[in-house]
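In what follows, a single structure is set out as structure tokens and then discussed.
The values are calculated or read from the model by the stated rules, or taken from the named source; none is laboratory data. Just so it is clear, the model here is predicted, and its values are computed rather than measured. Ideal geometry is used to build each Cβ from the backbone, glycine not excepted, and the neighbour counts take in all protein chains shown. Surface accessibility is based on the protein's heavy atoms, side chains included, excluding ligands, DNA and RNA. Shrake-Rupley method; radii C 1.70, N 1.55, O 1.52, S 1.80 Å.
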Amino acid sequence: KPVAVDQASDTPFEIDVTGKLKAGDKAELAVRITNPGGDYDWMDYVPIVWNGVKIHGGRCVGGITGKGSLNALDPVYIDDGFVMNKPDPRTIEVRTTIRNTTDSVQKAELATCVVEEGADKKLVPATETVELQPGDNVVSRTITLPDAKLWDIDSPNLYRLVAQCGNDVKEQTFGFRWFAPEGIGENAIFRLNGRRVRILSALSWGWWPTTGIIPTPEYAAQQVATAKQFGLNSLFFHRHMGQPLLLQEADRQGLMYHGEPGSFVGGSHSPEGKAIMKERVLRMVKMFRSHPSFVFYDLINEQWGDSKDYAWYQHMVEEVHKADPTRVVALTSAWGKQDYNVED
């Protein structure tokens, strides 16, 4: 029984198999991966033609690049937990998305607490009754811990947010920290936790031994450690989409990452290509937005040639900012045009 087709490459996706599986049945999951073409080098701006439609290209390497799981869920469950950092680095806003798959309003108990990594001590536990409309419901709560240990490059202190709704429990690792620019247009600088910081970075191309396009846990740990040994404080996901495994290591070791989805211009040559690229970008934001090590988004590596679709660019910058208002969103890392402007 066919259950899903997904074209937003390099990202996790969900398949609802309700009604396709029954308790006690034996079933096999078959996954077909089609790689319609791409590059072995750096030219991510070149689109490919798939069934007569121009869409984003990718690497000429394909496969299952992340973990999979089969989950039995209650009709009401937690879909996502987003830990939003604030200018006061010891304050966070927790946005918990609870999905109500029924067609009626449901009441549920949502319990949240913060746990210091390695200490397993629950901080500010709280339970609240929430009224959930059919569909997705975002429940927000602001938490301030005056004694929280800040995440920084030389002191990467981590915490876990634990949220429970009914039988469903979700955990999200995060750090108390604030990274932002100031003085734009005058004397622009970056600050991390109020301290001026200069980005010392290098390009991470996303080609890996053995696997091609994803690191093993050992390679991920080695890349972060090597960057720090070189005296860098950041790496750039260059012309490809990075992976949470690398950010987990950067969270733990104390390294900043910034990056792009890859092939953004290549995916902008048709309405179908734009729809796929928009889904890719927003999934990337959802993957990255709670990691303290990830500090800002780029959409295009360099703006040049035919990369002048300003209305589309403005729309996507605004969509990324809406999905994650806590981080910088840059259209391009180089050669930006003066006639492009987003007010916020």
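Structure summary
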quantity	calculated
For residue 166: the one exception among (1) at pLDDT below 95; (2) open to solvent by 70 Å² or more (accessible area, probe 1.4 Å)	(2)
Some residue of segment 69-80 being of a type outside the set (Val, Ile, Thr) and open to solvent by less than 20 Å² (accessible area, probe 1.4 Å)	no
Residue count, segment 235-244 (criterion: surrounded by 18 or more Cβ atoms within 10 Å (Cβ to Cβ) and closer than 18 Å to residue 290 by Cβ)	4
Strands (runs of 3 or more DSSP E) wholly inside segment 129-193 that include at least 3 residues being closer than 21 Å to residue 329 by Cα	179-182, 189-192
Subset tally (residues that are in a helix (DSSP H, G or I) and open to solvent by less than 20 Å² (accessible area, probe 1.4 Å)) for segment 221-234	2
Spans of strands (runs of 3 or more DSSP E) in segment 252-344 with at least 2 residues modelled with pLDDT under 90	328-332
Of residues in segment 194-208 being part of a strand (DSSP E or B) and of a type in the set (D, E, K, R), the one least open to solvent (accessible area, probe 1.4 Å)	195
Every pair of residues 6+ apart whose Cβ atoms lie under 8 Å, when the first sits in segment 115-133 and is closer than 23 Å to residue 102 by Cα while the second is assigned to a loop (DSSP other than H, G, I, E, B) and modelled with pLDDT of 80 or more	131/105; 132/105; 133/105
Close pairs from segment 1-13: first touching a residue at least 40 places away in the same chain (Cβ under 8 Å), partner surrounded by fewer than 12 Cβ atoms within 10 Å (Cβ to Cβ), Cβ under 8 Å, at least 6 apart	13/4
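Every residue, every condition in (1) under 21 Å from the mean Cα position of the chain (by Cα); (2) not charged (D, E, K, R), yes or no:
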| position | (1), (2) |
| --- | --- |
| 35 | no, yes |
| 39 | no, no |
| 48 | no, yes |
| 51 | no, yes |
| 54 | no, no |
| 69 | yes, yes |
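Residue by residue, here is whether (1) at pLDDT 95 or above; (2) touching a Pro at 6+ places or on another chain (Cβ under 7 Å); (3) among the aromatic types (Phe, Trp, Tyr); (4) over 30 Å from residue 191 (Cβ atoms) holds:
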{"position": "88", "(1), (2), (3), (4)": "yes, no, no, no"}
{"position": "92", "(1), (2), (3), (4)": "yes, no, no, no"}
{"position": "103", "(1), (2), (3), (4)": "yes, yes, no, yes"}
{"position": "113", "(1), (2), (3), (4)": "no, yes, no, no"}
{"position": "116", "(1), (2), (3), (4)": "no, no, no, no"}
{"position": "119", "(1), (2), (3), (4)": "no, no, no, no"}
{"position": "122", "(1), (2), (3), (4)": "no, no, no, yes"}
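Table: residues versus (1) part of a loop (DSSP other than H, G, I, E, B); (2) out of contact with any helix residue (DSSP H, G or I) (no Cβ under 7 Å at 6 or more places or on another chain); (3) at pLDDT 95 or above; (4) within 29 Å of residue 161 (Cα to Cα).
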{"residue": "3", "(1), (2), (3), (4)": "yes, yes, no, no"}
{"residue": "29", "(1), (2), (3), (4)": "yes, yes, no, no"}
{"residue": "34", "(1), (2), (3), (4)": "yes, yes, no, no"}
{"residue": "41", "(1), (2), (3), (4)": "yes, yes, no, no"}
{"residue": "45", "(1), (2), (3), (4)": "yes, no, no, no"}
{"residue": "99", "(1), (2), (3), (4)": "no, yes, yes, yes"}
